[in-house]
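Student: Questions regarding the structure given below will be posed in turn.
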Amino acid sequence: MTPAPTSKLIVIDDDPTGSQTVHSCLLLLSWRVETLVAGLQHPANVVFILANTRALPRRAAEVRLRAICRNLRLALKRLNLEHWQLVSRGDSTLRSHFPLEAQVLSQELGPFAVVFLLPAFLPGGRTTVGGHHFLHGQPVHLSSYA
């Protein structure tokens, strides 16, 4: 077996569509400590953890995120993995629980030096400018996407 990378990009995904736009990554559907340890040992540099919090009410999303973070912290400690980056992947049209998710991740795994909010999905042509959502440059409410 190929040795695990010494650094991991860990993506906590709020919806099952996020991992569909990348390749060569591991997708975890469980956040049990043993599953996270196995995922972090996998040779892939990127590990997606499907939290599916977008489908939950705010409080349930918070509870789930805290459970994921606590188990992730235990898995990182068990492996003595010191070099990792964390991404909270939410929806490009801002349908996620922001800023709650960023706050929970920071409280449980941080603090982090910076939080970037990037409301765009460039391969799909979705951008947000001045608080307005666009699809291929056209306001979303005028597109077939609406």
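Each reported figure results from applying straightforward, stated rules to the coordinates on display, with no laboratory input. Predicted model, so just to flag it, every value in this text is computed and none were measured. FYI the Cβ positions are ideal-geometry reconstructions off the backbone, even for glycines, and counts take in every protein chain you see.
Student: From the backbone phi of region 27-41, what are the Karplus-calculated ³J(HN,Hα) couplings (6.51 cos²θ - 1.76 cosθ + 1.60, θ = phi - 60°) in whole Hz, Gly and Pro given as x?
Tutor: My calculation for region 27-41 gives 10, 9, 9, 9, 10, 4, 4, 4, 5, 5, 4, 4, x, 6, 7 Hz in order.
Student: Only sites in a loop by DSSP and with at most 15 other Cβ atoms within 10 Å count here; which trypsin sites (Lys or Arg not before Pro) in region 74-146 make the cut? Walk me through the numbers before you get to the answer.
Tutor: Working: sites: K77, R78, R89, R95, R126; in loops: R95.
The qualifying sites are R95.
Student: Can you compute the modelled spin-label distance between Q138 and S24, with each label point 7 Å from Cα toward Cβ, in nm?
Tutor: Simple spin-label model gives 3.5 nm for this pair.
Student: Arranged from highest to lowest average of other beta-carbon atoms within 10 Å per residue, in what order do the peptides 113-124, 50-61, 17-28 appear?
Tutor: Numbers: 113-124: 10.7, 50-61: 16.1, 17-28: 14.5.
Top of the packing list down: 50-61, 17-28, 113-124.
Student: Can you show me the helix-derived [θ] at 222 nm for the chain, built from DSSP H runs with n ≥ 4 at -39,500 (n - 2.57) apiece and divided by the number of residues, rounded to the nearest 500. If you can, show how the numbers build up before the last one.
Tutor: On the way: 3 runs with 41 residues, N = 146.
So the calculated ellipticity at 222 nm is -9000 deg cm²/dmol.
Student: Share of Cα-Cα pairs in region 1-135 beyond 21 Å, in percent? Intermediate results must be reported in sequence, preceding the final value.
Tutor: On the way: 3736 of 9045 pairs.
Value for region 1-135 (Cα pairs over 21 Å): 41 percent.
Student: How far, in degrees from 0 to 90, does helix 58-79 lean away from the longest principal axis of the Cα atoms of the chain, to the nearest 10?
Tutor: It works out to around 40 degrees.
Student: Could I ask something else about it? To check you understand DSSP bridge types, tell me what percent of the beta bridges within the chain (both residues inside) are antiparallel, rounded to 5. Show your work: numbers first, answer last.
Tutor: Numbers: 7 of 22 bridges.
Among the beta bridges of the chain, antiparallel pairing accounts for roughly 30 percent.
Student: Separate question: Quick one: if you take sqrt(5λ) for each eigenvalue of the C-alpha gyration tensor of region 20-84, what semi-axes come out, biggest first, whole angstrom?
Tutor: On the way: eigenvalues 86, 52, 14 Å².
Working from the Cα gyration tensor, I get semi-axes of 21, 16, 8 Å.
Student: Quick one: if you stick a label point 7 Å off each Cα along the C-beta vector at L122 and R78, how many nm between them?
Tutor: Spacing of the two 7 Å Cα→Cβ label points: 3.7 nm.
Student: Still on this structure, I have one more. Taking K and R as +1 and D and E as -1, what net charge do the other residues with C-beta under 13 Å from the C-beta of V104 add up to?
Tutor: Details: positive: R58, R59, R64, R66, R70, R73; negative: D14, E62, E101, E108.
Here the charged neighbours net out to +2.
Student: Scan around I49 for amide H atoms under 5 Å from its own, H built in the peptide plane at 1.01 Å from N, and keep only partners 5 or more places away or cross-chain.
Tutor: V11, I12, D13, L28
Student: Shifting gears a bit: Grab the other residues whose beta carbon is less than 14 angstrom from that of L117, score K and R as +1, D and E as -1, and report the net.
Tutor: Values: positive: R89, R95; negative: D14, D91, E101.
Computed value for this residue: -1.
Student: In what order do D14, D91 fall by count of nearby beta-carbon atoms within 10 Å, going from fewest to most? The partial results should precede the final answer.
Tutor: On the way: D14 24, D91 16.
Lowest to highest Cβ neighbour count: D91, D14.
Student: A further question follows. Place a label point 7 angstrom from the Cα of T93 along the Cα-to-Cβ direction, then list the residues of region 39-67 whose backbone nitrogen is under 18 Å away.
Tutor: Of the residues in region 39-67, 53-56 have backbone N under 18 Å from the label point off T93.
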